[in-house]
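The values are calculated or read from the model by the stated rules, or taken from the named source; none is laboratory data. No experiment lies behind these values; they were computed from the predicted model shown. Every residue, glycine as well, gets a Cβ built from its backbone with ideal geometry; the counts of neighbours run over all protein chains shown. In case anyone asks, the SASA skips ligands and DNA or RNA and just uses the protein heavy atoms, side chains included. Shrake-Rupley method; radii C 1.70, N 1.55, O 1.52, S 1.80 Å.
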Amino acid sequence: MEYRKLGQSDLNISVVTFGAWAAGGWMWGGTERSDAVKAIQAGFDLGVTSIDTAPIYGQGLSEEIVGEAIKGIPRDKVQILTKFGLTWTEAKGQFYFHSRDNSGKEIDIYRYAGKEAVKKECEISLKRLGTDYIDLLQIHWPDVTTPVQKTMEAVAELIREGKVRYAGVCNYNVELMKESAKYIDLVSDQVSYSMVKRDIEKELVPYLIKNNQSVLAYSPLQRGLLAGKIKPGHVFQDGDTRVDQSYYKARNIELINAFLDKLKPLAADKQATLSQLVIRWTIEQPGITIALVGARNATQSIENAKAADIQLTSEEIRFINTELAKLKLEM
């Protein structure tokens, strides 16, 4: 496994980081708890020491699963990344969207990062995770109803109290990064990035590189689409929100599978799967520090971890980029 420093911190995280959204089941058609625990542990055995989760994932379930999975592992051997700022228990802040929890109960999700909420969420997360500190605490989405200053001051207090080591954000643009920098030292921005979603390369990535801040790329496999396992005619389970997104339209699934067919000879030459090739390409891109990759069982987790062992030459990366430039999705 390869490790990279997070921004200007002394925190080294695995280039393949376990993304625990799917482990929580919510919006992924449910979960099997024991499989999720084994997936995290299997990844750890291969050097995936960093785990990214959030309270909203399964409404606490994902954090509980992470806590169960790391129980017994020396705390300084694992890096826990979690979040705050999405609530389903109170109608505070900005309404985000309507959903259902894993039991089918209707819930409303709000973006709220008021000072008292930040500190309360942190305390609850610590209990679920079974730890006394969080390595990286990140706001999940911007909250337009709370001044950035108030939110960041709350996180700064948690750092001073020793409950959080470093502060990061998720889904922040350059403007928000600049505003936050007035009140706290941020080490990272977690954003959506994949072969077919590269909009951050224009402004955000150059800014973060200039300021020595890390990009944590989530959904590098575009929620499974770039793994080559979602074929034309794929039927999604009830509760799986991918069915409503443009990337998963029938025509786009066809186009992406045709693109992946062009990569198969390269993957075969590397004795790698398409997923592994895509993950390696992701962490080779300028400014991308690590790739967050989810797994629902140990087999998938092991496959993801081994992506770090693949090597791509500059010529092979150019080949992939040339083929990507030909891909015209219908968005």
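What the table shows:
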read-out: Residue-normalised accessible area of segment 110-166, expressed per residue, 1.4 Å probe, Å²; value: 43 Å²
read-out: Whole-percent carbon and sulfur share, accessible surface of the chain, 1.4 Å; value: 49 percent
read-out: Percent of beta bridges antiparallel (DSSP, segment 88-206, rounded to nearest 5); value: 45 percent
read-out: Cross-link pairs beyond the 27 Å C-alpha cut-off, checked among LYS38/LYS92; LYS77/LYS202; LYS83/LYS150; LYS120/LYS202; LYS202/LYS328; value: LYS38/LYS92; LYS77/LYS202; LYS120/LYS202
read-out: Under the Debye formula (equal points on every Cα, no solvent term), log10 I(q)/I(0) of the chain at q = 0.09, 0.12, 0.14, 0.15 Å⁻¹; value: -0.45, -0.82, -1.15, -1.34
read-out: Qualifying aspartates and glutamates (Cα of each under 14 Å from Cα of LYS178; at least 8 residues distant if same chain); value: ASP189, GLU203
read-out: Amide hydrogen neighbours beyond the local backbone of SER50, cut-off 5 Å, H modeled; value: SER14, PHE18, GLN79
read-out: Inter-site label distance for GLU201 and ASP309 at 7 Å from Cα along Cβ, in nm; value: 2.9 nm
read-out: Residue-wise HN-Hα coupling along segment 260-268, computed from phi with Karplus coefficients 6.51, -1.76, 1.60 (Hz; x: Gly, Pro); value: 5, 4, 6, 8, 4, x, 5, 4, 4
read-out: Counted charge near GLN311, where neighbours are those whose Cβ lies closer than 11 Å (Asp, Glu -1; Lys, Arg +1); value: -2
read-out: For segment 207-271, alpha-carbon Rg and Dmax in angstrom; value: 15.4, 45
read-out: C-alpha long axis of helix 115-129 to longest principal axis of the chain, angle in °; value: 60 degrees
read-out: The chain: antiparallel DSSP beta bridges as a percent of all, rounded to 5; value: 30 percent
read-out: Computed accessible area, GLU106, all protein chains, 1.4 angstrom probe, square angstrom; value: 100 Å²
read-out: Simple spin-label estimate for LYS326 and PHE97 in nanometres, 7 Å along Cα-Cβ; value: 3.3 nm
read-out: Gain upon complete extension [LYS262, GLU175; 0.36 nm per residue less C-alpha separation]; value: 27.5 nm
read-out: Accessible surface, per residue, of segment 195-331 when the full set of protein chains is kept, probe 1.4 Å, Å²; value: 48 Å²
